[in-house]
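Input: a single structure, listed below in structure tokens.
The values are calculated or read from the model by the stated rules, or taken from the named source; none is laboratory data. Everything numeric here is computed off the predicted structure, so don't read it as measured data. With ideal geometry, Cβ positions are generated from the backbone for all residues, glycine too; neighbour counts draw on all protein chains shown.
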Amino acid sequence: MSDGTDSFLTSADLPLTTVTGAVTTAGSARSGERPGRRVLVTGLGSFWGGRVAQALEADPTVEIIVGLDTTEPTVELERTEYVRVDANYSILARIVKATQVDTIIHTFLIVDPTHMSRRAMPELNVIGTMNLFAAASSAMSTVRNVIVKSSTVVYGCAPEDPVWFDEETPRSRSARTAPERSLEAVEGYVRDFAEDNPHVNVTLLRFSNVIGSEIETPLTRALQLPLVPSILGFDPRFQFVHEDDVIRSILFTLAHSLPGVYNVAGDGLLPWSEVAALCGKRTAPLPPFFTSAFTNPLGRLGVLDLPEDYESLLRYGRGVDNRRLKQLGFRYDYTSAEAVEAFIESVRLRKTLGENEFRYRYERDVEQFFRHSPAVVRDKGL
Amino acid sequence: MTPPGAADGPESPAPTSSVSAMGSAAPAGALVPFERDESRRQVKVSRKGDVDEWGRSERMRGLARTLYGPVYRNWFRVEWEGLEKIPTNGGALLVANHAGAIPSDAPAIMHGIETELERPVYGLADNFFRTLPVVGTMWSRLGGLPAHPDNAYRLLREQRQLVLVFPEGAKGPGKTYRERYQLRRFGRGGFVEIAMRAGVPVIPIAIVGAEESMPTVFRLPSVARIVGTPYLPVTANMLTMGPLGLVTYFPAKIKMKVLDPVRFDVPPDQDRYSRSRVMDESEKIRDRIQDALYEMLRARQSVWFG
């Protein structure tokens with residue numbers, strides 16, 4: 001921090017001085033009672049970014065929340081500052097420097113490949129993360145906590161897999177699909193960053209298939225079809241985690257500063273046929289051989305949306321060991337079966353009440369943020 | 001069947017009373033347990049099926065026992081010797097010789113132990129099984145799972161179950177009738193290492209009769225390569241019964257002899273064990289099964305009547 005900044009802050013006598021003071025004395029993030037956590041949330045326009053920001057707003061120890069995304073937030077936010085950025089997050093270094101955030105929650109990673117070309121996703125995931133870490137590891141960086149939302153997709157899905165993956169189990173086969181490869185690259189950057197910055201608490205959370213009342217994924221879409229797709233002769237076991245548990249786990253690791261890798265998944269594995277039965281649906285088996293020859297035309301017709309990853313998941317399923325986070329005191333609100341039940345409850349509710357919810361629209365731009373936001377530490381250079 | 005602290009089924013939600021107990025074991029940063037908000041917990045579900053975390057279904061297993069029972073009693077007329085050497089509780093790794101083009105030994109052992117000792121047996125099999133539609137799922141529901149060290153460790157160490165493994169792997173059933181009862185290599189001794197790590201005994205079982213129930217006359221390795229199976233046998237059953245021979249065993253008398261359990265006086269949960277020790281123990285167990293087989297064959301009067 002330059003001398004100019006300090007003199008500026010003292011002369012203006014802003015309450016921010018105390019905050020920056022606390023931040024520069026590093027490590028103190030662990031104490032928890034320190035007022036004014038400054039949090040940066042990536043992917044604010046996405047489902048997760050919005051939900052995390054909402055949850056953070058309810059937390060009085062969080063003073064500043066800055067959200068970044070290429071698209072406007074889709075949920076109503078009271079005190080989160082939204083900054084529109086380009087897809088590569090190239091503006092990030094400036095934002096980190098300007099807002100002096102101490103925590104970055106990286107929810108931006110895209111796992112669902114359906115609405116994105118095979119090339120765009122690695123671009124977004126990998127380059128975005130690279131820029132994020134470049135910004136966080138700059139010499140002036142005040143960042144002390146980084147939480148990355150990854151997915152159990154990184155474990156892959158193959159017949160050689162163990163029934164349970166723990167955080168250290170290697171993949172059985174090398175990554176092939178776009179989401180797997182991009183997440184693997186991202187996790188590589190996360191590891192490198194954690195190694196190069198031992199003073200930063202880096203938490204990597206790997207979430208299994210998320211389900212719940214609001215989120216939309218290829219699996220929730222499949223479960224809402226008149227007939228649930230399956231592969232003939234296969235009935236793999238699935239593990240789910242409820243969207244609320246996802247948010248709670250992010251807040252939990254944030255509150256307790258838990259560096260490391262953690263699987264986040266509900267208890268229990270459910271056979272796909274039982275998942276369909278819980279949803280009150282019958283399954284429509286796809287042929288077990290040359291499956292993609294059938295799914296691809298169906299996908300093009302818009303009948304069925306089954307990405308490559310999910311096809312292998314419908315054969316072999318995937319289970320992850322969730323005990324590491326539980327041993328640290330985290331309690332899941334939902335088991336796998338309960339998460340599915342919560343999902344189908346909300347589908348039922350939506351059907352009876354209709355989709356007449358208020359669509360939130362966000363209208364403000366980056367310039368206004370820089371001019372009026374108290375989140376920006378006003379440096380003379382800016 | 002569910003271990004304490006493991007990923008519980010929904011029928012046994014994590015007890016909230018244990019929160020403080022867990023907190024004491026947690027690092028300093030996480031002493032305050034995250035409260036489970038019961039009010040937000042709107043759903044309570046009872047499972048619709050009984051498929052456990054390994055894919056085994058007791059209902060399916062019961063059905064299989066009913067159907068397979070007559071085959072076990074009247075077709076193979078299975079006889080056990082030394083069944084009392086298999087513990088009625090606690091984990092143990094059962095190791096046996098493997099034979100028959102479609103091995104008839106695995107279901108016989110699993111059925112026998114389940115009916116006699118009334119405890120489940122999980123059978124480890126080649127991953128290849130899992131890639132087969134219907135067969136893979138059936139195998140899984142009946143207590144089979146892919147032979148991954150992590151699976152075996154979790155079953156043996158944490159859940160104290162019986163696990164059955166055929167260390168010969170696909171080489172056992174893949175051999176021809178001329179090579180019958182000649183044990184193949186016992187892999188790389190991985191089963192010994194798992195038993196050491198899990199701290200459980202290895203219980204060797206010698207089986208006579210499975211070889212003759214579906215003998216392989218010759219193999220078609222080039223066809224196997226095209227089809228993608230580990231081996232492709234032409235069995236005597238196929239030659240005599242035609243297509244029916246694909247699924248029909250000869251009524252060979254099956255005799256099984258449980259040998260004395262082998263215990264390793266090594267501490268469990270080590271990162272690695274002496275390779276030479278592992279190979280030695282593996283070789284010793286193989287020799288003991290081989291000797292028992294020769295002994296049983298010498299005593300056998302007839303393939304069909306024992």
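Odds and ends about this structure:
- All positions within region A:326-342 that are facing chain B (nearest Cβ under 7 Å) and under 15 Å from A:Gly268 (Cα atoms): A:Arg331, A:Asp333, A:Thr335, A:Ala337, A:Glu338, A:Glu341
- Checked against the criterion of being away from chain B (no Cβ under 11 Å) and surrounded by fewer than 16 Cβ atoms within 10 Å (Cβ to Cβ), the candidates A:Pro287, A:Pro198 yield just one match: A:Pro198.
- From the options B:Glu168, B:Glu158, residue that is within 12 Å of chain A (Cβ to nearest Cβ) and surrounded by fewer than 24 Cβ atoms within 10 Å (Cβ to Cβ): B:Glu158
- Qualifying positions in region B:214-262 - more than 19 Å from B:Val303 (Cα to Cα), under 25 Å from the mean Cα position of the chain (by Cα) and hydroxyl-bearing (Ser, Thr, Tyr): B:Thr229, B:Tyr231
- Residues in region A:266-280 that are more than 8 Å from every other protein chain (Cβ to nearest Cβ) and either touching a Lys or Arg at 6+ places or on another chain (Cβ under 8 Å) or surrounded by 24 or more Cβ atoms within 10 Å (Cβ to Cβ) (or both): A:Gly266, A:Trp272, A:Val275, A:Ala276.
- Test: residue in region A:162-174 that is farther than 22 Å from A:Arg315 by Cα, assigned to a loop (DSSP other than H, G, I, E, B) and more than 13 Å from every other protein chain (Cβ to nearest Cβ): no
- Answer residue from region B:227-277, given it is of a type in the set (Val, Ile, Thr) and in a helix (DSSP H, G or I) and is surrounded by the fewest Cβ atoms within 10 Å (Cβ to Cβ) among those: B:Val227
- Entry remark, region A:214-254: residues being within 13 Å of chain B (Cβ to nearest Cβ) and under 17 Å from the mean Cα position of the chain (by Cα) number 14 in total.
- Failed item, numbered, when A:Pro159 is tested on (1) more than 19 Å from the chain's Cα centre (by Cα); (2) free of Cβ contacts under 8 Å to residues at least 60 places away in the same chain; (3) surrounded by 18 or more Cβ atoms within 10 Å (Cβ to Cβ): (2)
- Contact annotation: residue pairs with Cβ atoms under 7 Å, 6 or more positions apart or on different chains, pairing a residue in region B:194-213 that is on the phi > 0 side of the Ramachandran plot with a partner that is in a helix (DSSP H, G or I), are B:Gly199/B:Arg157.
- Residue count for region A:131-161, restricted to those that are small (Gly, Ala, Ser) and within 11 Å of A:Gly317 (Cα to Cα): 2
- Of all residues making up region B:222-260, the number that are under 27 Å from B:Met296 (Cα atoms) and aromatic (Phe, Trp, Tyr): 2
- Top-ranked residue of region B:127-141 - restricted to ones that are under 15 Å from B:Asp52 (Cβ atoms) and in contact with a strand residue (DSSP E or B) (Cβ under 8 Å, 6 or more places away or on another chain), ranked as farthest from the other protein chains (Cβ to nearest Cβ): B:Trp139
- Against the criterion of being in contact with a Gly (Cβ under 7 Å, 6 or more places away or on another chain), crowded, with 17+ Cβ neighbours inside 10 Å and more than 13 Å from B:Leu94 (Cα to Cα), B:Asn151 does not qualify.
- Any pair with Cβ under 6 angstrom, 6 or more apart, that starts in region B:281-306 at a residue that is under 28 Å from B:Met196 (Cβ atoms) and modelled with pLDDT of 95 or more and ends at one that is buried (at least 16 other Cβ atoms within 10 Å of the Cβ) and among the charged types (D, E, K, R): B:Ala292/B:Lys257
- Residue that is farthest from the other protein chains (Cβ to nearest Cβ), among those in region A:128-161 that are closer than 30 Å to A:Val377 by Cβ and of a type in the set (D, E, K, R): A:Lys149
- A:Tyr360 at the interface with chain B (Cβ under 9 Å from one of its Cβ atoms), modelled with pLDDT of 60 or more and either assigned to a loop (DSSP other than H, G, I, E, B) or in contact with an Asp or Glu (Cβ under 9 Å, 6 or more places away or on another chain) (or both): no
- Top-ranked residue of region A:80-108 - restricted to ones that are of a type outside the set (A, V, I, L, M, F, W, C) and assigned to a loop (DSSP other than H, G, I, E, B), ranked as surrounded by the most Cβ atoms within 10 Å (Cβ to Cβ): A:Asp102
- Just one of the listed residues (B:Val217, B:Val208, B:Val163) is touching a helix residue (DSSP H, G or I) at 6+ places or on another chain (Cβ under 7 Å) and surrounded by fewer than 17 Cβ atoms within 10 Å (Cβ to Cβ), and it is B:Val217.
- Unique residue being farther than 22 Å from A:Val320 by Cα, surrounded by fewer than 24 Cβ atoms within 10 Å (Cβ to Cβ) and within 9 Å of chain B (Cβ to nearest Cβ) when the list is A:Ser292, A:Ser257: A:Ser257
- Spans of helices (runs of 4 or more DSSP H) in region A:259-334 with at least 1 residues closer than 24 Å to B:Phe129 by Cα: A:272-278, A:291-301, A:308-316
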